[in-house]
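Here the structure comes first, spelled out in structure tokens, and everything after it is commentary.
The values are calculated or read from the model by the stated rules, or taken from the named source; none is laboratory data. Remember, it's a predicted structure, so these values are computed and weren't measured experimentally. Neighbour counts run over all protein chains shown; Cβ positions are idealised from the backbone, glycine included.
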């Protein structure tokens, strides 16, 4: 699913060159749940942006489903994002004056897979809300939802295009401990039941433990890549 070789990313900041990534190599099979941890400035967010086709590497290769997306032009990167990848962020990024259902439908208005008719959009959005246990809140606006419920709407929105890869950047950063674990249980269940490949960035080790594998970043390099044995066993029941 993901195959990264010698990935490097440099930024010019005034007279200085910042080496955000220094030759990262990593592979993840379809259906894996990879959690990425590391201090601020370790390169993990830069790596996530490249995985999500939101940025290009300075050098190295990134193969997604066997296709080298490292050097694709912007319109092709947008197509890959739209058809293959779902995103969940720390901030829920929901439209405040729009219902949960309409928020979830939104990506289907911009799909490159052709026009999605209104009835199908509604059905797919309701199915996505059902996957996160929120069909009873479909008509509620974000201000009427708790933080955990808003993040579940954001997860449903990421699911509605039926991605094979789900990327989440600090998805529990704005949530309390109990709600954080509830959200991570949803990710684990989606991976287990639907076979979606998951990559989640977090600062918290207890959250990272939900992955089948945890990768540590430091100074633009991977310094550790180890399986979470208990989660692997759960995933193969």
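Before moving on, here are some points about what is shown:
- Set side by side, the residues 25, 35 differ, and just one is under 30 Å from residue 229 (Cα atoms), in contact with a helix residue (DSSP H, G or I) (Cβ under 6 Å, 6 or more places away or on another chain) and at pLDDT 95 or above, which is 35.
- Looking only at segment 131-149, and only at residues there that are over 21 Å from the mean Cα position of the chain (by Cα), free of Cβ contacts under 8 Å to residues at least 40 places away in the same chain and not in a loop (DSSP other than H, G, I, E, B), the one that is surrounded by the most Cβ atoms within 10 Å (Cβ to Cβ): 137
- Count of segment 57-81 residues which are modelled with pLDDT under 90, surrounded by fewer than 17 Cβ atoms within 10 Å (Cβ to Cβ) and within 18 Å of the chain's Cα centre (by Cα): 2
- Of the residues 229, 199, 223, 215, the single one that is touching a strand residue (DSSP E or B) at 6+ places or on another chain (Cβ under 7 Å) and more than 28 Å from residue 83 (Cβ to Cβ) is 223.
- Residue tally, condition assigned to a helix (DSSP H, G or I) and touching a residue at least 60 places away in the same chain (Cβ under 8 Å), over segment 160-193: 3
- Residue 165 being within 16 Å of residue 98 (Cα to Cα), modelled with pLDDT of 95 or more and surrounded by 15 or more Cβ atoms within 10 Å (Cβ to Cβ): no
- Here residue 19 fulfils each of the conditions (1) free of Cβ contacts under 8 Å to residues at least 60 places away in the same chain; (2) not in a loop (DSSP other than H, G, I, E, B) apart from (1).
- Test: residue in segment 150-159 that is crowded, with 19+ Cβ neighbours inside 10 Å and part of a loop (DSSP other than H, G, I, E, B): no
- Qualifying residue in segment 101-121 (condition: in contact with a strand residue (DSSP E or B) (Cβ under 6 Å, 6 or more places away or on another chain), under 28 Å from residue 32 (Cα atoms) and assigned to a helix (DSSP H, G or I)): no
- All positions within segment 194-232 that are in a helix (DSSP H, G or I) and either at positive phi or surrounded by fewer than 23 Cβ atoms within 10 Å (Cβ to Cβ) (or both): 194, 205, 206, 208, 229, 230, 231, 232
- In summary, residue 92 fulfils each of the numbered conditions (1) free of Cβ contacts under 8 Å to residues at least 24 places away in the same chain; (2) part of a loop (DSSP other than H, G, I, E, B); (3) under 13 Å from the mean Cα position of the chain (by Cα) with the single exception of condition (1).
- Matching residues in segment 38-48 - criterion: being surrounded by fewer than 20 Cβ atoms within 10 Å (Cβ to Cβ) and either touching a strand residue (DSSP E or B) at 6+ places or on another chain (Cβ under 8 Å) or at pLDDT 95 or above (or both): 39, 45
- Hey, residue 86 in contact with a strand residue (DSSP E or B) (Cβ under 8 Å, 6 or more places away or on another chain), outside any helix (DSSP H, G or I) and touching a residue at least 60 places away in the same chain (Cβ under 8 Å) or not: yes
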